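S.K.: My questions all concern the structure below.
The values are calculated or read from the model by the stated rules, or taken from the named source; none is laboratory data. All figures in this text were calculated on a predicted structure; none of them were measured in a lab. FYI the Cβ positions are ideal-geometry reconstructions off the backbone, even for glycines, and counts take in every protein chain you see.
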Amino acid sequence: MLVLTINAGSSSLRLSLFEPSGVGWVRLAEAHYDDNDASRLNEFLASVDIAQIGRVVHRVVHGGTGLATPTLINARVEREIERLIPLAPLHNPVALRWMRVCRELLGEKIVQVALFDSGFYQSLPDVARHYALPRQLSQRYGIRRYGFHGIAHRAMWLRWRKIKPELAGGGRVISIQLGSGCSITAIKDGQVVDTSMGFSPLEGLVMATRSGDLDPGVVLFLQREAGLDVQAVEQLLSEKSGLLGVSGCSGDMRELLVSKSPDAQLAVELYCYRVRKYIGAYLAVLGGVDGVLIGGGVGENSALVREKIFNGMAWLGIALQTNANESLEASERCISLPEKRSEVWVIAVDEASVMVEEALALF
């Protein structure tokens, strides 16, 4: 039996194919596309006997409070994912579309499983989960901090547990996912205690096109003074802000790092400053840290971004070793000075492997 994993973003797509072996599940093929057109699946599976595919595992961004663990997809589950579209308008519709595409290509009886990014954060403590809004209003509309990128953060944490088996429960960890979307999570002895994304994936760090933390008064001001309606504000904050909005030219960190534009340079500095600010906050929440893990396309590949983020943290027991930080020899490595209290690791985020292992635990 082969297992297909589908990790669809709002405008990107990662596909992987796994087969069983004596040591677990082995990846046969993978592909990353900058679009999520349905034709990509046919392209990816062109040389595969699709009759051998017995399971499809989907990453779903938002499962609300009811969908937290790996779940067999059926009509009820799809209705719930659809009901949550107002909370994740860029992502949940895409996930639903891919479920239907798989049924069309692989047959109505294909077994499909959903893993939820928000599921990793179901144990958020009350002080990290709640907004200071009227309780009745929050309960009626489900307004709370859900957290996202959970599969990526869980992948980093699981890898850390293998790197440091001597730390009971994994110790105190800050994991940082830096890609097109960005988030940071604080974990203590295996329990998530805080995370940067909240009610929606808009909250928290500066991202490629998303604003991150913003005074809600700005939204009210734009509606009142600029005449922007709800849809226009949503598009502004999700698609026209972040690195793209500040730089005025691109949301791609690679382009901004080589740009001489002052606005591009400001965008990079703001991006790194916000990460550094959150690290400081989570150090306070955790009472120190044993490991800082950094992954994602930007986190894994940009030594300069990592340098800017961790600059000036030596007094906290965190400092990078220049040669290790700039090395291209290994995708996974410790990049901190050995004499410092806290280790910093670059971790290759393998969401697909986590998706396969957790989904197949159902059977």
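S.K.: Being surrounded by 15 or more Cβ atoms within 10 Å (Cβ to Cβ) and of a type in the set (A, V, I, L, M, F, W, C) is the filter here; which residues of the range 1-28 pass it?
M.R.: The answer is Leu2, Val3, Leu4, Ile6, Ala8, Leu13, Leu15, Leu17, Phe18, Trp25.
S.K.: Please go through the range 268-287 and pick out each residue that is within 24 Å of Gly245 (Cβ to Cβ) and not aromatic (Phe, Trp, Tyr).
M.R.: Residues satisfying the conditions are Val268, Glu269, Leu270, Cys272, Arg274, Val275, Arg276, Lys277, Ile279, Ala281.
S.K.: Turning to a different aspect of this structure: Which condition number does Arg210 fail, the rest of (1) in contact with a Gly (Cβ under 6 Å, 6 or more places away or on another chain); (2) of a type outside the set (A, V, I, L, M, F, W, C); (3) assigned to a helix (DSSP H, G or I); (4) crowded, with 19+ Cβ neighbours inside 10 Å being met?
M.R.: Only one criterion in (1) in contact with a Gly (Cβ under 6 Å, 6 or more places away or on another chain); (2) of a type outside the set (A, V, I, L, M, F, W, C); (3) assigned to a helix (DSSP H, G or I); (4) crowded, with 19+ Cβ neighbours inside 10 Å is unmet by Arg210, namely (3).
S.K.: Another question, then. Residue under question is Cys249, and the condition is that it be in the same structural domain as Ser342 (by TED's automatic domain parsing) and either in a helix (DSSP H, G or I) or of a type in the set (Phe, Trp, Tyr) (or both); does it hold?
M.R.: no
S.K.: I would also like to ask the following. Select from the range 117-173 the residues that are closer than 21 Å to Arg341 by Cβ and over 18 Å from the mean Cα position of the chain (by Cα) and list them in ascending order.
M.R.: Residues satisfying the conditions are Arg161, Ile163, Lys164, Pro165, Glu166, Leu167, Ala168, Gly169, Gly170, Gly171, Arg172.
S.K.: Name, by its number, the condition in (1) at pLDDT 95 or above; (2) in contact with an Asp or Glu (Cβ under 8 Å, 6 or more places away or on another chain) that does not hold for Leu293.
M.R.: Leu293 satisfies all of (1) at pLDDT 95 or above; (2) in contact with an Asp or Glu (Cβ under 8 Å, 6 or more places away or on another chain) except (2).
S.K.: OK, next. When you look at Gly147, is it of a type in the set (Gly, Ala, Ser), outside the structural domain of Gly9 (by TED's automatic domain parsing) and crowded, with 20+ Cβ neighbours inside 10 Å, yes or no?
M.R.: yes
S.K.: Can you tell me which residue is nearest to the chain's Cα centre (by Cα) among those in the range 265-299 that are within 18 Å of Leu178 (Cα to Cα) and not in a helix (DSSP H, G or I)?
M.R.: That would be Gly295.
S.K.: Further question on the same structure: Give the range 113-141 a look and list any residue that's of a type outside the set (A, V, I, L, M, F, W, C), closer than 30 Å to Leu4 by Cα, in contact with a Ser or Thr (Cβ under 8 Å, 6 or more places away or on another chain) and not in a helix (DSSP H, G or I), or say none.
M.R.: Gln122
S.K.: Okay, moving on. Being within 17 Å of Leu67 (Cα to Cα) and not hydrophobic (A, V, I, L, M, F, W, C) is the requirement here; does Tyr131 meet it?
M.R.: no
S.K.: Among the residues of the range 250-276, how many are loosely packed, with under 14 Cβ neighbours inside 10 Å and either of a type in the set (Lys, Arg) or touching a Phe, Trp or Tyr at 6+ places or on another chain (Cβ under 7 Å) (or both)?
M.R.: 2
S.K.: One residue is enough: does the range 41-56 have a residue meeting the conditions under 17 Å from the mean Cα position of the chain (by Cα) and among the basic types (Lys, Arg)?
M.R.: No: zero hits.
S.K.: Find all pairs meeting these conditions: Cβ atoms under 7 angstrom apart; at least six residues apart or on different chains; first residue within the range 249-267 and touching a residue at least 12 places away in the same chain (Cβ under 8 Å); second residue part of a loop (DSSP other than H, G, I, E, B) and surrounded by fewer than 15 Cβ atoms within 10 Å (Cβ to Cβ).
M.R.: Cys249/Ser261; Asp263/Gly248
S.K.: Give the range 1-26 a look and list any residue that's among the charged types (D, E, K, R) and under 21 Å from the mean Cα position of the chain (by Cα), or say none.
M.R.: Arg14
S.K.: I'd like to know if the range 178-187 contains one or more residues that are free of Cβ contacts under 8 Å to residues at least 60 places away in the same chain, in a loop (DSSP other than H, G, I, E, B), in the same structural domain as Leu236 (by TED's automatic domain parsing) and touching a His at 6+ places or on another chain (Cβ under 7 Å).
M.R.: Checked against the condition, which is being free of Cβ contacts under 8 Å to residues at least 60 places away in the same chain, in a loop (DSSP other than H, G, I, E, B), in the same structural domain as Leu236 (by TED's automatic domain parsing) and touching a His at 6+ places or on another chain (Cβ under 7 Å), the range 178-187 yields no hits at all.
S.K.: Considering only the range 32-53, state which residues are of a type outside the set (Ser, Thr, Tyr) and surrounded by 14 or more Cβ atoms within 10 Å (Cβ to Cβ).
M.R.: Asn36, Ala38, Arg40, Leu41, Phe44, Leu45, Val48, Ile50, Ile53
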